[in-house]
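Following: one structure in structure tokens, then a few remarks.
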Amino acid sequence: MSYQQTKYWSVDNIVDNLIESKEIQEAAAFLREGKLVAFPTETVYGLGASARSDEAVTSIFTAKGRPADNPLIVHISQQKDVYNFTKSVPEKAEKLMEKFWPGALTIILAHNGRLSTKVTAGLSTVGLRMPDHPVALALIEASGEPIAAPSANRSGRPSPTTAAHTAEDLQGRIAGIVDGGATGLGVESTVIDCSGELPIILRPGGVTQSQLEAVIGRVEVDQSLTEEAAPRSPGMKYKHYAPEAPLTLVDGDEDFFRSCVRKHKENGEKVGLILFPALASMEADAVYILSDNRIETTARELYSALRTFKKSEVDHILMQAVPADELGFAVMNRLVKAAGGRILTQ
Ligand code: TXA
Ligand code: MG
């Protein structure tokens, strides 16, 4: 991988005619030339490249250090673009697009071969998503290309929710970063496979199971998300979201949490804590206090919190588990992976 200058565009303060702005036009031209450009979406920052170019898509995998068998999501700016890249679109998928696009839902459908085979990692299906972010939509539209974009982190690290996180991981490895401020949701899109008879959630995310079921009836959840089973989504089997120091989740009340923290301290470890406001007075070598108790806030701040702790400062990070329902299902999915499965139960 040759190191290169990374161009930086700030579009946070552009309110009128974003798509015609010099910044978006330059970034879009980079994408058309096959270069890599990171950009904000409503979930996390994505690392974009033209999904029709083998070369451009291959360079995403190189920049991230991502295993080649893990397919990428293709981002589009208009719902009708789905029909350019798929064989057929079942009625349930259409209903989901109508209801949740633009938004945090990636829909897996059988593709028609018009995208780079590198995007789909050789599978017969492709994941498509129309993001709900003005900067993402303007950039995709201006490029005139379908844009393959995984989260803009080095493989294995927490996803980036700011341009600064993106630069921390990819500065010098990609052509450009469009800074549109912090992302809103903080966890990635829900991935739902609509290529078979019964829709299946492969990755929980911003749109919850009950929201989906309210629109299309019964939706399954991939077994690997609730029990020990091989995941259907290639990406779900890899190490993910890992902070610099090991993380342990604590599933129990406040006293149990305090006792777990005490044990780590007694072992002579430097401890980092991600805390809900009620425990804000706890002392440790490094602390991140979540802004409030709401699950939306935990989702939004989670990756940023994980990135706060440097291995030079802490040996171990602890955090209380959250109830794994609704958006909490996605948050716990990420947390359990970030913790490499380490959970202490009361
Ligand atoms: O919110 C998001 O989805 C963000 C933003 C940037 O859009 N993107 C994102 O991409 O999270 P990535 O590459 O980090 O995660 C994509 C997930 C992986 O778990 C991958 O295996 C799965 O989607 N995936 C993509 N295409 C698939 C396919 N055809 N079949 C099954 N799983 C697929
Ligand atoms: Mg990712």
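The values are calculated or read from the model by the stated rules, or taken from the named source; none is laboratory data. Owing to the predicted nature of the structure, the values given are computational and were not obtained by experimental measurement. Reconstructed Cβ throughout: ideal geometry from the backbone, glycine too, with neighbour counts over all protein chains shown. With ligands, DNA and RNA removed, areas are computed over all heavy atoms of the protein, side chains included. Shrake-Rupley method; radii C 1.70, N 1.55, O 1.52, S 1.80 Å.
Might you let me know whether the range 43-52 holds any residue that is at pLDDT 95 or above, of a type in the set (Lys, Arg) and away from ligand 2 (no atom under 16 Å from the Cβ)?
There is at least one residue in the range 43-52 that is at pLDDT 95 or above, of a type in the set (Lys, Arg) and away from ligand 2 (no atom under 16 Å from the Cβ).
Please go through the range 20-34 and give me each residue that is farther than 16 Å from Ala51 by Cα and open to solvent by 50 Å² or more (accessible area, probe 1.4 Å), ordered by number.
Correct list: Glu20, Lys22, Gln25, Glu26.
Please find, within the range 235-245, the residue that is surrounded by the most Cβ atoms within 10 Å (Cβ to Cβ) out of those that are at pLDDT 95 or above and of a type outside the set (Gly, Ala, Ser).
Once the filter is applied, the top-ranked residue is Pro243.
Evaluate the following for Val57: is it modelled with pLDDT of 95 or more and within 18 Å of Arg154 (Cβ to Cβ)?
yes
When the residues of the range 144-197 are filtered to those that are more than 15 Å from ligand 1 (Cβ to nearest atom) and over 25 Å from Phe309 (Cα atoms), which remaining residue is most open to solvent (accessible area, probe 1.4 Å)?
It comes out as Glu197.
Are any residues in the range 121-137 away from ligand 2 (no atom under 16 Å from the Cβ) and either farther than 20 Å from Ile174 by Cα or over 20 Å from the mean Cα position of the chain (by Cα) (or both), and if so, which ones?
Gly122, Leu123, Ser124, Thr125, Val126, Leu128, Met130, Asp132, His133, Pro134, Leu137
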